[in-house]
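*Asks:* One structure is given below, represented as structure tokens, and several questions about it will come after.
The values are calculated or read from the model by the stated rules, or taken from the named source; none is laboratory data. Every value quoted in this text rests on a predicted model; they were computed, and no experiment measured them. Because the Cβ atoms are built from the backbone with ideal geometry, glycine has one as well, and the counts that use them run over all protein chains shown.
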Amino acid sequence: MAQAIPSEYLAIDRKARAMMVCDGVGLRDPEERVKDFEDVLIPLQAECAQIHASRCIHCPDPAACVVACPVHNDIPSAMWLIEQGDFLAAARLYQENSSLPEICSRVCPHDALCQGSCVHIKHDEPVLTGALEAFVLDYARQFGDVSIPVGEPSGKHVAIVGAGPAGLSCAEQLVRKGHAVTIFEAMPDAGGLLIYGIPNFKLPKGVVFDKVADLERAGVKFVFNTKIGKDKTIDELLATDFDAVFVGIGSQVDAPLKAEGVDLPGVYQATEFLIRTNVKNELLPPGLEPITYVGRKVVVIGGGDTAADALRSALRLGAEEVTCLYRRTEREMPGGKKDRQMAREEGAKYQFLTQPVRFIANQDGQLAAVECLRMELGEPDESGRRRPVPVEGSNFIVEADVAVLALGYWPDPLIGKTTPDLETHNWGLIVADRETGATTRLGVYAGGDAVTGPDLVVTAMIAGRKAAAGIDEYLRS
């Protein structure tokens, strides 16, 4: 049943509503949220959601927010439904174009996409498109039907390699078309980057587990702790029970840093650090133990969202001084502004134009400090960003008990090396058609970061959906 429209603003004209605000929306206080790993967002309440949605002025087609949304959600219509209190209809609208709306609504950089394109932003706060999407999807899980409709059985069986955003989305679309699906995952549980890369304070893990449970109820089978290319090959999958394979393994091999002392105890790659600080013991890969203490001083090297996640995780583990070292200026940082702002609110510091060159041990062989160089910006490189140039003789020391290397990600070349006739490039990225997911190997499809390199969760989700359509056409033809 639709929620009644609050009477106090029934008579207010739309222009006046555009200027309205509602208390209780936003983030938990930094001093409070830094004490735990719980969600930093304050959940919207129904009446507050209606008030915020009513601020939408329903721009003429094509609305800027729709154009900026990677899946082109009909955001103005969703805002109208939320304003009217028909939250379940709004949730269904988001589900038409997205397999992971409850996740994308939380992790998409809305300030750079739909929300950042809202016309209100010229003079006022934009409509809270991400928070409103998350609200209606949470409402639907509590009060609606979130089951995945399963198509008439086709007799075909598809193997999916990787239980991250691309693989989960591909599976969701395939079961709708009646195909049996088995997902092979190297980790002990499903989710990929969503569980093993994004901290709980940004994406509560229960949201991901709920989506995985939906897929299991729809008949999707999961095989964990199985690395394709090592424990089984693509050829073995195709030679046994499977008619097609989708590869969605992501791109999660940490980019290395060439520097003396980089292998010292106390120096971590970002992936290992985030897994060991954010994942419960029972979900940790074999051989990894939780990190519960990081000392007094932590440095994080890098400028992306992963660096911000590591900074904020270190603060939650009790570090007194947490500093990001980045070799360019803030203008060139690839990470989202919102995450940097929250990191600063929680106590993180940033040192720009700084390049680590040596990691220094104490008398016990543990990390004690990082030797750095000052940098200055030269001419633009191939990415368009100005190239950092060392300032000769500018060496200085930064004390550190722990250092986290968040320098970006490379693809895992294992699938390419173990699959004949599967073309790869750029150190292991799989060559695939961006519209169908088809690779150079018949019956093998790929999408997400394994094809594009590191990108947004929503981009991987779209790739999984497109590949499912390509696989369906292949199986039926």
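*Asks:* Considering each of TYR293, TYR350 in turn, give the residue that is assigned to a loop (DSSP other than H, G, I, E, B) and free of Cβ contacts under 8 Å to residues at least 40 places away in the same chain.
*Replies:* After ruling out the rest, the residue left standing is TYR293.
*Asks:* Test each condition in (1) in a helix (DSSP H, G or I); (2) of a type outside the set (A, V, I, L, M); (3) at pLDDT 95 or above; (4) not assigned by TED's automatic domain parsing to the domain that holds GLY453 for PRO149 and report the one that comes out false.
*Replies:* Only one criterion in (1) in a helix (DSSP H, G or I); (2) of a type outside the set (A, V, I, L, M); (3) at pLDDT 95 or above; (4) not assigned by TED's automatic domain parsing to the domain that holds GLY453 is unmet by PRO149, namely (1).
*Asks:* Also, quick follow-up: Cβ-Cβ distance below 6 Å, separation of 6 or more or different chains: which pairs start in the range 239-263 with a residue that is at positive phi and end on one that is surrounded by 14 or more Cβ atoms within 10 Å (Cβ to Cβ) and part of a loop (DSSP other than H, G, I, E, B)?
*Replies:* GLY250/GLY164; GLY250/GLY192
*Asks:* May I pose another question? Between ALA310, ALA244, which is outside the structural domain of ARG340 (by TED's automatic domain parsing) and in contact with a Leu (Cβ under 7 Å, 6 or more places away or on another chain)?
*Replies:* ALA244
*Asks:* Output yes when any residue across the range 195-208 is in contact with a strand residue (DSSP E or B) (Cβ under 7 Å, 6 or more places away or on another chain) and surrounded by 24 or more Cβ atoms within 10 Å (Cβ to Cβ), and no when none is.
*Replies:* Scanning the range 195-208 turns up no residue that is in contact with a strand residue (DSSP E or B) (Cβ under 7 Å, 6 or more places away or on another chain) and surrounded by 24 or more Cβ atoms within 10 Å (Cβ to Cβ).
*Asks:* Kindly provide the set of residues from the range 152-185 that are β-branched (Val, Ile, Thr) and assigned to a strand (DSSP E or B), ordered by number.
*Replies:* Matches in the range 152-185: VAL158, ILE160, VAL161, VAL181, THR182, ILE183.
*Asks:* List the pairs whose first member sits in the range 188-212 and is part of a helix (DSSP H, G or I), whose second member is among the acidic types (Asp, Glu) and at pLDDT 95 or above, and whose Cβ atoms are under 6 Å apart, counting only residues at least 6 apart or on separate chains?
*Replies:* VAL207/GLU102
*Asks:* Select from the range 89-113 the residues that are within 23 Å of THR306 (Cβ to Cβ) and hydrophobic (A, V, I, L, M, F, W, C) and list them in ascending order.
*Replies:* Those that are within 23 Å of THR306 (Cβ to Cβ) and hydrophobic (A, V, I, L, M, F, W, C): LEU100, ILE103, CYS104, VAL107, CYS108, ALA112, LEU113.
*Asks:* Then there is this: Can we say ALA259 is under 25 Å from ARG327 (Cβ atoms), small (Gly, Ala, Ser) and over 24 Å from the mean Cα position of the chain (by Cα)?
*Replies:* Yes, satisfied.
*Asks:* If you don't mind, there's one more thing I want to ask. Could you figure out which of (1) charged (D, E, K, R); (2) within 16 Å of LYS202 (Cβ to Cβ); (3) surrounded by fewer than 19 Cβ atoms within 10 Å (Cβ to Cβ) isn't true of ARG316?
*Replies:* (3)
Per-residue answers, yes or no, for (1) in contact with a Lys or Arg (Cβ under 8 Å, 6 or more places away or on another chain); (2) surrounded by fewer than 21 Cβ atoms within 10 Å (Cβ to Cβ); (3) charged (D, E, K, R); (4) at pLDDT 95 or above:
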{"site": "LEU27", "(1), (2), (3), (4)": "yes, yes, no, no"}
{"site": "ASN73", "(1), (2), (3), (4)": "no, no, no, yes"}
{"site": "PHE87", "(1), (2), (3), (4)": "no, no, no, yes"}
{"site": "ASN97", "(1), (2), (3), (4)": "no, yes, no, yes"}
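*Asks:* I'd like the residue in the range 400-438 that is within 22 Å of the chain's Cα centre (by Cα) and of a type in the set (A, V, I, L, M) and, out of all such residues, is surrounded by the fewest Cβ atoms within 10 Å (Cβ to Cβ).
*Replies:* The qualifying residue surrounded by the fewest Cβ atoms within 10 Å (Cβ to Cβ) is LEU407.
*Asks:* So, one more: Could you list, ordered by first residue, the pairs with Cβ atoms under 6 Å in which the first is in the range 398-420 and touching a residue at least 12 places away in the same chain (Cβ under 8 Å) and under 30 Å from PHE359 (Cα atoms) and the second is assigned to a helix (DSSP H, G or I) and aromatic (Phe, Trp, Tyr), at least 6 apart or interchain?
*Replies:* VAL404/PHE273
*Asks:* Take the conditions at pLDDT below 95, among the polar types (S, T, N, Q) and more than 21 Å from ILE234 (Cβ to Cβ) and apply them to SER383. Does it pass?
*Replies:* yes
*Asks:* I would also like to ask the following. Going by what's in this entry, would VAL127 be described as outside the structural domain of ILE462 (by TED's automatic domain parsing), surrounded by fewer than 23 Cβ atoms within 10 Å (Cβ to Cβ) and not polar (S, T, N, Q)?
*Replies:* no
*Asks:* Given the residues LEU377, LEU353, LEU367, which is the only one that is more than 23 Å from the chain's Cα centre (by Cα) and farther than 28 Å from PRO109 by Cβ?
*Replies:* That would be LEU367, the only listed residue that is more than 23 Å from the chain's Cα centre (by Cα) and farther than 28 Å from PRO109 by Cβ.
*Asks:* Are there any strands (runs of 3 or more DSSP E) wholly within the range 375-477 with 2 or more residues that are within 30 Å of ILE291 (Cβ to Cβ), and if so which?
*Replies:* 396-399, 402-405
*Asks:* Looking only at residues that are of a type in the set (Lys, Arg), touching a helix residue (DSSP H, G or I) at 6+ places or on another chain (Cβ under 9 Å) and surrounded by fewer than 19 Cβ atoms within 10 Å (Cβ to Cβ) in the range 209-238, which one is nearest to GLU102 (Cα to Cα)?
*Replies:* Only one residue tops the list, namely LYS227.
*Asks:* Filtering the range 239-267 down to residues that are aliphatic (A, V, I, L, M) and under 15 Å from GLY416 (Cα atoms), which residue is surrounded by the most Cβ atoms within 10 Å (Cβ to Cβ)?
*Replies:* In this case the residue turns out to be VAL247.
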